[in-house]
1. Return the residues of the stretch 64-89 that are open to solvent by less than 30 Å² (accessible area, probe 1.4 Å) and assigned to a helix (DSSP H, G or I); say none if nothing qualifies.
2. Can you tell which of Leu194, Leu202 is open to solvent by 40 Å² or more (accessible area, probe 1.4 Å) and modelled with pLDDT of 90 or more?
3. Determine, yes or no, whether Ile165 is modelled with pLDDT of 95 or more and in contact with a helix residue (DSSP H, G or I) (Cβ under 8 Å, 6 or more places away or on another chain).
4. Tell me which of these Arg208 doesn't satisfy, since it passes every other one: (1) charged (D, E, K, R); (2) modelled with pLDDT under 90; (3) over 19 Å from Asp105 (Cβ atoms).
5. All but one of (1) modelled with pLDDT of 90 or more; (2) open to solvent by 10 Å² or more (accessible area, probe 1.4 Å); (3) over 18 Å from the mean Cα position of the chain (by Cα); (4) among the polar types (S, T, N, Q) hold for Asn171, so report the exception by its number.
6. Enumerate the pairs (first residue in the stretch 139-156 and touching a residue at least 12 places away in the same chain (Cβ under 8 Å) and closer than 14 Å to Ile190 by Cβ; second residue anywhere and part of a helix (DSSP H, G or I) and open to solvent by 60 Å² or more (accessible area, probe 1.4 Å)) with beta-carbon separation below 7 Å, excluding pairs fewer than 6 apart on the same chain, so at least 6 apart or on different chains.
7. So, Tyr88, is that one under 19 Å from Ile147 (Cβ atoms), modelled with pLDDT of 95 or more and not aliphatic (A, V, I, L, M) or not?
8. For residues that are open to solvent by 60 Å² or more (accessible area, probe 1.4 Å) and without any contact (Cβ under 8 Å) to a residue 60 or more places away in the chain, scanning just the stretch 90-102, find the one that is farthest from Gly157 (Cα to Cα).
Amino acid sequence: MIEVLQHYASDLLYKSGEHLYISMLGLLLAILVAVPIGILITRVPKIANVVVGLASVLQTVPSLALLAIMIPFMGVGKPPAIMAMFIYSLLPILRNTYLGVTGVDPNLIDAAKGMGMTSFQTLIKVELPLGFPVIMAGIRLSAVYVIAWTTLASYIGAGGLGDLIFTGLNNYMPPLIVISTIPITLMALIIDFLLGRLERALTPRVLREVKST
């Protein structure tokens, strides 16, 4: 195990960087797209089921099939892998954004409007802050998923730790598989922890106190 670690140390570091880049860029793009759409469909309930249903359908496509579908349009390498991770990240974020905003107590919204707030001010100052924990739950779930799924990006030449894992599988090198899997697990735990800290920092104090009681 030690000999394998010493031999692949530089590759392990480089592939970890690639893995993190692909997964986090896909996640970031999903946040930038899914959160606004999730907010939008709360204002147009008639299309909510259609949009969420479409996102659900995209997520049911097998990972390898989705990566293969991307090749004719984007070639091989990182771009199709990032796009695939983006698509897989959409559903939890979109669904939780919709549920987080629509789950806010209507009495609080009425009170905000009674104070003279516009619809936009109510969204920014009441609905989003109160729905933030639910939205973050979707982001954290997507983050863990996408870090695991990025392993398969190796099949289309995108790099990442999947390269080392599949090298270990093809050459029957269990130590290489183990030392390549550990960073993926650590990444998922660390990212989830950091997002949890961010959620706690940005969640209104009233909600934090309610959770702690």
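1. Across the stretch 64-89, the qualifying residues are Leu66, Leu67, Met70, Pro80, Ala81, Ile82, Ala84, Met85, Ile87, Tyr88, Ser89.
2. Numbers: Leu202 fails: modelled with pLDDT of 90 or more.
On inspection, the qualifying residue turns out to be Leu194.
3. No; evaluated as a whole, the condition is false for this residue.
4. Going through (1) charged (D, E, K, R); (2) modelled with pLDDT under 90; (3) over 19 Å from Asp105 (Cβ atoms) one by one, Arg208 breaks only (3).
5. Result: Asn171 passes all but (1).
6. none
7. Values: under 19 Å from Ile147 (Cβ atoms): yes; modelled with pLDDT of 95 or more: no; not aliphatic (A, V, I, L, M): yes.
No; evaluated as a whole, the condition is false for this residue.
8. Leu99
The values are calculated or read from the model by the stated rules, or taken from the named source; none is laboratory data. Nothing here was measured: the structure is a model prediction, and the numbers come from that model. So basically every Cβ, Gly included, is an ideal-geometry build from the backbone, and we count neighbours across all protein chains shown. Side chains included, ligands, DNA and RNA excluded: accessible areas come from the protein's heavy atoms. Shrake-Rupley method; radii C 1.70, N 1.55, O 1.52, S 1.80 Å.
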